[in-house]
Amino acid sequence: MNDKQKEPKLTYALNEAGKMVSIDSVETGLSCNCRCPKCKEFLIAKQGHGVRKPHFAHQGDNNCHGAYMSALHKLAEQIIEEEKAVMAPAYKDMKAQKLSFVDTEVERRVDRNDVQPDVVGVTHDGLRWHIEIRNTSEVDESKKAKLLESGLTCLEIDVRKQKLDKDLLRSFLLNSTEERKWINNPNYVRLIEFGEKGISQKYQADSSFEIKTKGACSSQCKYGLINGKCIYMIESISYKGIDFVVCDVLKRQKDEEEESQNKTIDDAKTQHESNYKPNGNLLKRKTIDPISSILEPTQLRDLPFVRCWTIEQYFEYLQLIGSFEYEECHWVVVEKCDIFRNGILVLLKETSEKKILWPYHVVTISVINGEIKHEKVSDHTNEASAIKAYDERIRFYQSNAYYSKTSDNNDLPF
């Protein structure tokens, strides 16, 4: 069996107007006035008999090979031209999306570097999108080099696995992202420029913002994303399939300044930790409110806790240093502790050789006007009532906005 016999039957051909038409829409025989999309010779329309399906056939011994793939190629071009759209795959921060064109050009010579695309689609913003239909070999290196040199955007779509059926091919071109790739996409950079320009107009009276793509925010910002969002994000805006993040620059700068100011305190804290962790195996830090930011580094030695510790680390440290004197001849151990605003809530248990009537105490340890404050909240005779009072105090702080960094309540306990 030769290659010509292996090639599928031709069911589409070029009519007198140069349009691809189906065998079902033309007259039989040579009266169809259709030509081969490959060799351009006239074809015979055969309606088929028995198991033979309708198809176009060359006359005589014409040895035209590749007519089927040429028909597939031409039909794909025609569909994009008629629909003025094509589905494009994702590219960097640009999501997969259907490109809609206000105009299309099919196989027209592009002046720059003799790069001749199969289809050129023009979007309403004036951007030109070159589309290559692959039915044999892919875009070669020479053409890729010309595309890159010319700064042309080019999308290659491979139709070799598709059937010569207009409905199926239309669905593939308009709804699928498979079998296609970007050869070059400088339009992506232009879309980012358009998006930043359009968004900046909304904030034109404000210089305290910064616009960047979500991908850039995730990879470039040293603070990264929390739950998929930038911690300085004012809002997120999508433009042409690209997600942009508008960031609060002033807030970020303020945090950076605070971070710099607290470096001395952080260094002192590291030294402070090393006194109780000689192996230097420090746990991962978690930034919280800077309770000690108003203290001099030398004062840190007197604090039973310091900035940038997790609750577990506070608890571990308070246990490490052992019991500390609470009242004369009495010592206490930490049963529970939680961080709130610029202080901590602690449940203490007094220990003594003598019986203590009120051994449990709920207290706060905080810094007020540069001084360490240790204040009782309540005393208890047993552990159950102490834990209950401790938990109620936590809920009270939370329900009354004591947990908030920005609360203006003058009755804050810390």
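Please give the peptides 78-85, 144-151 ranked by average Cβ packing (other Cβ atoms within 10 Å per residue), highest first, as a rough proxy for protection.
78-85, 144-151
Quick one: what are the phi-derived ³J(HN,Hα) couplings along segment 86-91, Karplus 6.51/-1.76/1.60 with θ = phi - 60°, whole Hz, x for glycine and proline?
With the stated coefficients, segment 86-91 comes to 7, 7, 10, x, 5, 8 Hz.
If you count, for each residue, the other Cβ atoms within 10 Å and average over each peptide, how do 123-129, 181-187, 9-15, 156-162 line up from highest to lowest?
9-15, 181-187, 156-162, 123-129
What whole-number value in Å² describes the accessible area per residue of segment 43-182 for a 1.4 Å probe?
Heavy-atom accessible area per residue stands at 51 Å².
Roughly how many nanometres apart are two label points built 7 Å out from the Cα toward the Cβ at residue 181 and residue 161?
Those two pseudo-labels are separated by 1.4 nm.
Please count, across segment 1-109, the pairs of lysine residues with Cα atoms under 13 Å apart that sit 8 or more places apart or on different chains.
Eligible lysine pairs with Cα atoms under 13 Å apart amount to 7.
Which number comes out as Rg/Rh for segment 161-205 once both Rg and the Kirkwood Rh are worked out on C-alpha atoms?
Here the Rg-to-Rh quotient is 1.30.
Go through segment 136-151 residue by residue and turn each phi into a ³J(HN,Hα) via Karplus (6.51, -1.76, 1.60, θ = phi - 60°); whole Hz please, and just put x for glycine and proline.
Whole-Hz 3J(HN,Hα) from phi for segment 136-151: 10, 8, 6, 4, 6, 4, 4, 6, 4, 4, 5, 5, 5, 5, 7, x.
If I model a spin label as a point 7 Å beyond the Cα along the Cα-Cβ vector, how far apart are those points for residue 174 and residue 235 in nm?
It works out to 3.3 nm between the two label points.
The values are calculated or read from the model by the stated rules, or taken from the named source; none is laboratory data. These numbers were taken from a predicted model, which means no experiment stands behind them. Here Cβ is always computed from backbone atoms with ideal geometry, including for glycine, and neighbour counts include all displayed protein chains. When the accessible area is computed, the model is the full protein with side chains, heavy atoms only, and any ligands, DNA or RNA have been set aside. Shrake-Rupley method; radii C 1.70, N 1.55, O 1.52, S 1.80 Å.
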